[in-house]
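These notes concern the structure reproduced below.
The numbers here are math on the coordinates, done by the rules we state, and not lab data. Everything quoted here is computed from the prediction, not taken from an experiment. FYI the Cβ positions are ideal-geometry reconstructions off the backbone, even for glycines, and counts take in every protein chain you see.
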Amino acid sequence: MLDVLAITIPFFVLVFLGTAARALRFCDDAGAKMIGRFAFFIVLPAYMFVNVAANDPKAFFNLGFLWRYEVVTIIIFGGSAVFARLAFGLTRSESGIFGLNNAYPNYGYIGVPLVILAFGEEAALPMGLMLFADTVVLLAMTAFFVAKESRSLTATLGQILLTMAKNPLLQSVVAGLLFAASGLTMPVVMERTLTLLANGAAPSALFALGATLYGQPIRQAFSEISAITIIKLVIHPMLVAAVFLLIPGLDILWVKVAIIASCLPVAANVFMLSQFYDSYSGRTASAILASTVMASITTPITLYLVFQLS
């Protein structure tokens, strides 16, 4: 419990620092959006490139692990989006971001340090694979929902591909994979520059998140935020555990990492994506905060149960 709190407390500090900055009028809405754009277009791509480029590209061909985890991702995203349309009357774009909230765990800021702390350095490999695969799958599904209505299927697919191609997060993941496969060594100047930028990903993203939280009507969206929190922290890990444990054949370490990854709160990247697509950003910020607070309780419980697996 103390190890988990040591990881999550800094997360809260940075978020509330952004909220305090808005409350004290250190920055306004325009300033918060500028910081968010800096995080999304500059530091988060650097963060993802560095993490993907550091992995062995051969590990990305673990198809048994991939299909199990991504089937659950698709079910959670698609089912949540449909639920949002029916239960809350959200628009197509809003329901897509709602689904993204439920399917995208906080890999970078909580997941990576947590699984390495719990399971050792070997856990970085399956976590890196999930980060890559989920980025591609979730960006594709999100692009489908935020794409404008079109009479032509070809035009719709073209719009989806164009939207994905313009996304800096996907660009950085693809670039990182290609660099890892090339076998090249990163020049020292480039490595240090990217590392400096990557180190700024968490502070800038979380500060912008906190700044956006200020003044959000959380009570008006209580039912939606509650639904996201329950799906993300309870239903998602239960479904992952069911798929991985009922369909054996994988290293138990990879199974444990998959379950822990799925029980993490909503990723801060979802907030950046909601701003990028200009849809559901306020409630996404609230859902990230609510799920992170509740995860301080649910994650230790999940960790204890996972430690019992053998």
So how many Lys-Lys pairs in the chain land under 22 Å Cα to Cα, not counting same-chain pairs under 8 apart?
4
In square nanometres, what is the average projected area of the Cα convex hull of the chain?
16.3 nm²
If the chain between Ile252 and Val293 were fully stretched, how many nm would it gain, using 0.36 nm times the residue separation less the Cα-Cα distance?
11.9 nm
Cα-derived Rg to Rh of the range 184-297, Kirkwood definition
1.08
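Applying 1/(1 + (r/R0)^6) with R0 = 41 Å to the Cβ-Cβ distance of Val82 and Ala6, what FRET efficiency is obtained, to the nearest 0.05?
Values: r = 38 Å, r/R0 = 0.93.
Once the sixth-power term is evaluated, E becomes 0.60.
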What nm distance separates the two modelled labels at Val13 and Trp67, each placed 7 Å from Cα along Cα→Cβ?
4.6 nm
The answer for the longest stretch of the chain without any exposed trypsin sites (Lys or Arg not before Pro) (DSSP loop, at most 16 further Cβ atoms within 10 Å) is 167-310
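How high is the relative contact order of the chain, given as a whole-number percent (alpha carbon pairs under 8 Å, six or more residues apart)?
About 33 percent, as a whole number.
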How far apart, in nm, are the 7 Å Cα→Cβ label points at Met238 and Ser226?
1.7 nm
What is the magnitude of the charge dipole of the chain about its Cα centre, with +1 placed on the Cβ of each Lys and Arg, -1 on the Cβ of each Asp and Glu, and no other charges, expressed in debye to the nearest 20?
640 debye
Which length gain, in nm to one decimal place, applies between Ala175 and Asp29 when the Cα-Cα distance is subtracted from 0.36 nm times their residue separation?
49.3 nm
In square nanometres and to one decimal, what's the mean projected area of the convex hull around the Cα atoms of the range 42-98?
5.5 nm²
Starting from the Cα-Cα distance between Glu121 and Leu162, subtract it from 0.36 nm times their residue separation and give me the gain in nm to one decimal.
11.1 nm
